Each structure stands twice: as C-alpha cells, then as structure tokens.
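The numbers here are math on the coordinates, done by the rules we state, and not lab data. None of the values given here were measured: they were computed from a predicted structure. Cβ atoms come from the backbone with ideal geometry, glycine included; neighbour counts cover every protein chain shown.
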Amino acid sequence: MSDVYIVEACRSAIGKRGKGLAGLKPADLLGLVQKAALNRAKVAPENIDQVIGGCVSQVGEQTFNIARIAWLSQGLPLEVPSTTVDAQCGSSQQATSMAATMVASGIEDIVMSCGVEMMSRVPLGSAMKDGNPMGEDYGNLYQPTSQFMGAAMIAEEYQITREDTDKFGLDSQNKAIEAWKEKRFDREIVKIEAPILNEKFGPTGERRTVDRDEGLRETSLDSLASLDPVPGQDIHTAGSSSQVSDGAAAVIMASRKACDSLDLKPRAKIVATTLVGVDPVTMLKGPIPATRKVLERAGLTMDDIDIFEVNEAFASVVLAWQKDLGADPDKVNVNGGAIALGHPTGSTGARLITTALHELERRGGKYALIAMCCGGGLGTGTIIERL
C-alpha cells in the first residue's frame, strides 16, 4: 500500500439553523467548498480522479448523489465521477477513509472527499418521514432508541452527572470563543456568499458573507444549569448537546507520484483509518473501540497523539471516551467542538479532519486522532501525521 498525503482541507463556516447559510441549497454550498479546495491546492479539476462525499439525510434537496450534483453545479468537469455515502454522522469521515484507500491501493492518484448537511433545509430524520426503515426483524433483535436516550445510557454507565456535562458544555464554548479571538480557524474557512432570508424563510434579494461559525454563545454554569433537559433524559440540555447546523467541508488526498508530477505540497499523511460497529441501542460508544483499533493499526499509543478531535454529539460521548481511554483533557477538542461550533452531520467528519490538520500546523504537533460516534451503532477513527 502506498502512502496517502493530504494536500488541502477546508470548510465553510458552520451556520446556525435558519441563519447565515440557510438560503443556499446543499449542492450549491458543497460545490463552492469543493471548488475552493481545488483552488487552494492549485489542482486542476480534471486531475481529480474521483469525488467521494458524505451526507446523512439523503432526501429532497440532498438526494440524487449530492456530491456529484455539487461538483457539476460549479461547472467542474463532467468526466470526474462522484459517489455519496451514508455512515450517519461519520459519513464524510468514512468518505475520507474510502478516498484514502483508493489512493493507497493505487486505484486512483488524487481523490477528493467531502461532506455536506443543510439541516435548516433538510432536518435530521427527514429520510424516515415516509416510513421507518427498521423492520420487524430489527425490532426483535434491538430495542429502538433515540440518540438522546443513548447519550443518557452512556452517562449512566460512566457515572457522568448533569454537572459534568454542563461544565463540558461551558468549556467547549469558552475554547471556541478563544480560538476565534486568536483567529485559529481563519485559514481553514472558505468565505461563502449566501442569500439573506426573511422571517418566513423567503429570500430578501440581499446577500451576505458567511465566514464565522455562528453557534458560539457567551454563557455560564448558572445559565447552563437553568436549562431544561432534552427529551427522554435528565442529563443533557441544549448547552451540552451538538447544535443543529449547516455546513460543508472537503479534503484532497494524493499519492506521492501525483504530488511529484503536479508539484503539490503534502501537508499531512493518512496514517490509519477505521470504521467499527457497536451496540445500536446505546449507539454512541463507537469512538472508544474506534480509537483503540486505529491506534493499534498505526502502532501508536494515546501518549503519542498531540491532539484529539472527538465529536461532541453529546457531552457524555466525549467524557466517557476520556474516562475509558485515559485521555489527557488538555489535548481534546482544544478549539471547542460541536456543542459550540455546530454539527452539520454529513460534513462533520471532514470538518474535524480539516480542523485537526490546521491545528497541528499551528502548534507544530505531529499526530492527530479524529473519532466520531454515529447513529445506528458505528464509530469512525482516523490518525493523521503532519509533515
């Protein structure tokens, strides 16, 4: 297997539900980020062998192979093929793993992975609006639960309290606020021109530039303690759960041959990737075995990793992961996570890889580990090495 190099990674800012990005269709947002990644990497679009995209709610405006429609929407070469995959919240991280495998195997030389989710326009769960895919046989084997209930079960198992989750939520907000003050995200953000909507979700004819994550909130422990729990539990609130958001991200990977022939600068190497299955009832414990497996594949330990990006679907997911693996909290989500920034589900995996790469470069670190929990009982894991 050949080495796989990341030559570019970028993302849109993350928009709040109904706010800055909501006037764009998903294909338009993703297409703009795909095109920006090409421009930043100085890769001619015809040199991309394949595009692999992630999206969770593949219905309505996000159906019909959204990665392909996004690419074509920017007038990019029709000869470049695209595929859209669904690994729930880990979709674009799995897309990145699949793209990396194509390059490592020699099937392709340059592959773009990407992801999009416009939750303002296609709400999470829309794919089940006209029918639940979980048939009788599934129901006989597993008791269907919500992600809220799964997060509560994890909190109970790992003895995580409401106070623990409130404190984690506050830390996420404070880290993200500090990161933006220090302009840590500037290099990874693609500025997006988006239509402005009125209160009825209709266009006003005006446009604005969206270049800053919109989920940040000044808060306190007292304020967080006053919030009502989310449905089905008494541990998590809106202040300790990921936000409903809009966003897109893209990563371009290349072989050594392609880097040399096209004069591309390798910025990081994909060291190892994995996708694991876990109990679909608790559903959200995937980052724990995914981390163990990807570390074993890489021949590394937790101590070797400089930063961790573990998706903050709920505070208990990351807190349980830290407890189980003995992670140093000072290395985890150092610029905040989905609680503060938002979680546009289909794009978050590529977004986390993008943020991890830029943070490694900022601090001069060597290894980053990215892990996510995913609906249906999956976990994703990736280790990258800065060059």
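Would you be able to say whether some residue in the range 45-67 is under 30 Å from Glu361 (Cα atoms), among the charged types (D, E, K, R) and not in a strand (DSSP E or B)?
yes
Taking the conditions exactly as written (within 29 Å of Lys285 (Cα to Cα) and not hydrophobic (A, V, I, L, M, F, W, C)), does Lys183 satisfy them or not?
no
Looking at Glu108, is it surrounded by 23 or more Cβ atoms within 10 Å (Cβ to Cβ) and among the charged types (D, E, K, R)?
Working: surrounded by 23 or more Cβ atoms within 10 Å (Cβ to Cβ): no; among the charged types (D, E, K, R): yes.
No, not satisfied.
Does any residue of the range 182-199 turn out to be in a helix (DSSP H, G or I) and of a type in the set (Asp, Glu)?
yes
Looking only at the range 68-113, filter to residues that are assigned to a loop (DSSP other than H, G, I, E, B) and polar (S, T, N, Q); which one of those is farthest from Ile270 (Cα to Cα)? If you could, list the steps in order and put the result at the bottom.
Within the range 68-113, the subset assigned to a loop (DSSP other than H, G, I, E, B) is 74-81, 86, 88, 90, 106-109.
Filter once more, so that each one left must be polar (S, T, N, Q): 74, 88.
Details: Gln74: 28, Gln88: 22 Å.
By that ranking, first place goes to Gln74.
So which residues in the range 45-97 are over 20 Å from Pro344 (Cβ atoms) and in contact (Cβ under 8 Å) with a residue 60 or more places away in the chain, if there are any at all?
As a first pass, look at the range 45-97 and keep what is over 20 Å from Pro344 (Cβ atoms): 45-50, 72, 75-81.
Residues satisfying the conditions are Asn47, Ile48, Asp49, Gln50.
All but one of (1) crowded, with 24+ Cβ neighbours inside 10 Å; (2) closer than 20 Å to Thr161 by Cβ; (3) of a type in the set (A, V, I, L, M, F, W, C) hold for Val332; state the number of the condition that does not hold.
Among (1) crowded, with 24+ Cβ neighbours inside 10 Å; (2) closer than 20 Å to Thr161 by Cβ; (3) of a type in the set (A, V, I, L, M, F, W, C), the lone unmet condition for Val332 is (1).
Is it the case that the range 25-33 has a residue that's surrounded by fewer than 24 Cβ atoms within 10 Å (Cβ to Cβ), among the aliphatic types (A, V, I, L, M) and assigned to a loop (DSSP other than H, G, I, E, B)?
No; the residues of the range 25-33 include none that is surrounded by fewer than 24 Cβ atoms within 10 Å (Cβ to Cβ), among the aliphatic types (A, V, I, L, M) and assigned to a loop (DSSP other than H, G, I, E, B).
Tell me yes or no: at least one residue of the range 127-136 is in a loop (DSSP other than H, G, I, E, B) and either in contact (Cβ under 8 Å) with a residue 24 or more places away in the chain or crowded, with 17+ Cβ neighbours inside 10 Å (or both). Quick ask: steps written out before the conclusion?
Of the residues in the range 127-136, the ones in a loop (DSSP other than H, G, I, E, B) are 129-135.
Now narrow it down to the ones that are either in contact (Cβ under 8 Å) with a residue 24 or more places away in the chain or crowded, with 17+ Cβ neighbours inside 10 Å (or both): 129.
Yes.
Looking at Ser226, Ser240 in this structure, which one is in contact with a helix residue (DSSP H, G or I) (Cβ under 9 Å, 6 or more places away or on another chain) and either under 21 Å from Asn174 (Cβ atoms) or touching a residue at least 24 places away in the same chain (Cβ under 8 Å) (or both)?
Values: Ser226 fails: in contact with a helix residue (DSSP H, G or I) (Cβ under 9 Å, 6 or more places away or on another chain).
Of the residues listed, the single one that is in contact with a helix residue (DSSP H, G or I) (Cβ under 9 Å, 6 or more places away or on another chain) and either under 21 Å from Asn174 (Cβ atoms) or touching a residue at least 24 places away in the same chain (Cβ under 8 Å) (or both) is Ser240.
State which residue is farthest from Gly106 (Cα to Cα) when the search covers only the range 243-263 and only residues that are touching a helix residue (DSSP H, G or I) at 6+ places or on another chain (Cβ under 6 Å) and not hydroxyl-bearing (Ser, Thr, Tyr).
Top of the filtered list is Gly247.
Give, as residue ranges, the helices (runs of 4 or more DSSP H) completely inside the range 227-325 that count at least 3 residues that are touching a Cys at 6+ places or on another chain (Cβ under 8 Å) and crowded, with 24+ Cβ neighbours inside 10 Å. Before you say what the answer is, go through the steps one by one.
Working: elements: 256-262, 287-298, 315-325.
Qualifying helices (runs of 4 or more DSSP H): none found.
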